[in-house]
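Presented below is the structure to which this report refers.
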Amino acid sequence: MPLWNDGSAFILSLSQTWRLYQIAIVILLAVISWAVGKMLNPKIDHWLRSREGWSKRRLRFAIHTKRRVPMILFVLMSWLIVSAMREVTWPSRSYLIAAIGTLALAWVLVGFASVIVENRVLRRTTKWGLWIYVTLYYLGITDEIGDVLDNLAISTGDFHISLLDVLRAVVVTAALFALARMFSRGSAEKIQNNDDISPSMQVLAVKFIQLLLYGAAFFLGLKVIGVDLTGLAVLSGAIGVGLGFGLQKVVSNLVSGVIILLDKSIKPGDVISLGETFGWIQQLGARYVSVVTRDGREYLIPNEDLITGQVVNWSHTNSFVRLDIYFGTAYGDDPHKVRKVAIEAASNVSRVLSFRPPVCHIVGFGDSSVDYILRFWIDDPTGGLTNIRGNVYLALWDAFHENDISFPFPQREVRLLPDDLADALPDGTETGENPRA
């Protein structure tokens, strides 16, 4: 009732002549600032689009500033009008304009402060919470509004929760999570820029810091709003037992992910093959590993499969990979010359290593060809294996044609026997069948 009476008295006071003048001035300033903001909006957009080399954070801050240009113009014009009116008349005749200008300035500052929160939901929650609180605080009615919200409550025995508790929990938790996100991102950038820490340990350190900060933000938020954490200990234990049985696979993947990070068996950038999947590791997650193949597909492999299954890590201790290709030449070609030409052809391919020279060996005498194996080394398996094999095969094709070395193909001889021999079987018996039929 006191809040209602104060509000009614304030509304009745607006009917005074100078209060009406001030309301008209405020409306006029709002219309002018909105119109000027609309006129400046295309120019600001064109200027922002021409900014090259700006960081993502800087561009986001500039966009937020552009959206608040009308409010900034309103604040500036309001205080210019207040300063001019206080020079020629009583301060009480510009009090309402000054109050609205001050409140608009507080809103602008809150809007700029919320830019540091990158998560959209957290940013909006924090911004609206601060706007409402600043408005109530400036109007001097925080205690009255708090009493009203506290009376809107649900009470059962010792349990009591009010709308004020809910709003306080949302705002405090959102602010703490925003701070946790900001600190975790800053820590992650410093850790990832440290070359003395291995990639797997960088991921583990970042995940640990995020878990620590977000967990601290959650429990601090509960503590600030007055939740008894001792009661949560028994509840969390019971929930943990139930989740342990129901989420065995999830927990197994989480533990497997920690083991992978600790033993450094795989790390971001490694080239692995698991079954028919061949690609390089893009990201190590808490539950899965992201593997990107050469055709652009991204496979999300559970961590448990990498622990329990057989994984080929092509770049575990080093990035050297030996590749083998097979070919054959005709029996009429000199094998010594073939080996020499094959080695020279493979050595001229760009990705083939020169300090680990290719070798070529005879592996057998086939039905139609002399069979060889050509072995060579590369140190960039992320560049692909099929393409380098194809380049070596093309180099062999060109080199063999230049040196008159032929590629054989299966051949069969068909002999036509004379008629007098064709009618006789090997044991001397005669037959009336025509072998040419």
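Report the label-to-label distance for Lys340 and Phe409 in nanometres (one decimal), using points 7 Å from each Cα along the Cα→Cβ vector.
Modelled inter-label distance: 3.0 nm.
³J(HN,Hα) across region 340-345 via Karplus (A = 6.51, B = -1.76, C = 1.60, θ = phi - 60°), whole Hz, x for Gly/Pro?
5, 5, 5, 5, 5, 5
Whole-Hz Karplus ³J(HN,Hα) for region 311-327, in order, using 6.51 cos²θ - 1.76 cosθ + 1.60 and θ = phi - 60°, x for Gly and Pro?
10, 9, 9, 6, 9, 6, 8, 8, 9, 7, 9, 9, 10, 10, 10, 10, 7
Between Leu76 and Tyr331, what is the label-to-label distance in nm when each label sits 7 Å out along the Cα-to-Cβ direction?
9.5
May I ask which of Lys190/Lys223; Lys66/Lys190; Lys56/Lys190; Lys127/Lys223; Lys127/Lys190; Lys56/Lys127 have a Cα-Cα span longer than 26 Å here?
Over 26 Å apart, Cα to Cα: Lys190/Lys223; Lys66/Lys190; Lys127/Lys190.
Of the peptides 44-54, 345-355, how do they stack up when ordered by the mean number of other Cβ atoms within 10 Å, highest first? Please list the in-between numbers first.
Values: 44-54: 10.0, 345-355: 15.1.
With the highest mean Cβ count within 10 Å placed first, the list reads 345-355, 44-54.
Can you list the HN-Hα couplings for region 377-393, worked out from phi with the Karplus curve (6.51, -1.76, 1.60; θ = phi - 60°), rounded to whole Hz and with x for Gly and Pro?
3J(HN,Hα) across region 377-393, in whole Hz: 10, 10, 10, 9, x, 5, x, x, 9, 5, 5, 6, 4, x, 5, 5, 4.
Would you please state which residues of region 371-385 a label at Asn318 would reach in this model, taking the label point 7 Å out along Cα→Cβ and a backbone N cut-off of under 15 Å?
What the label zone holds, given the 15 Å backbone N cut-off, is 376-381.
Just order 171-179, 184-192 by mean Cβ neighbour count inside 10 Å, highest at the front, would you? Write out the running numbers ahead of the final one.
On the way: 171-179: 19.6, 184-192: 14.2.
Answer by packing, highest mean first, reads 171-179, 184-192.
Leaving out ligands and nucleic acids, note down the accessible area per residue over region 44-101 with a 1.4 angstrom probe, in whole Å². Before the final figure, lay out each step's value.
Working: 4030 Å² over 58 residues.
On a per-residue basis, 69 Å².
Determine, from the Cβ-Cβ distance of Arg51 and Arg297 and an R0 of 35 Å, the FRET efficiency 1/(1 + (r/R0)^6), rounded to the nearest 0.05.
Working: r = 36 Å, r/R0 = 1.03.
My answer for the efficiency is 0.45.
So who's got an amide H within less than 5 Å of the one on Trp314, skipping anything under 5 residues away but keeping other chains? H placed 1.01 Å off N, in plane.
Val271, Ile272, Ser273
The values are calculated or read from the model by the stated rules, or taken from the named source; none is laboratory data. Since this is a predicted model, take the numbers as computed values, not measurements. Cβ atoms come from the backbone with ideal geometry, glycine included; neighbour counts cover every protein chain shown. Calculation scope for accessible area: heavy atoms of the full protein, side chains included, ligands and nucleic acids excluded. Shrake-Rupley method; radii C 1.70, N 1.55, O 1.52, S 1.80 Å.
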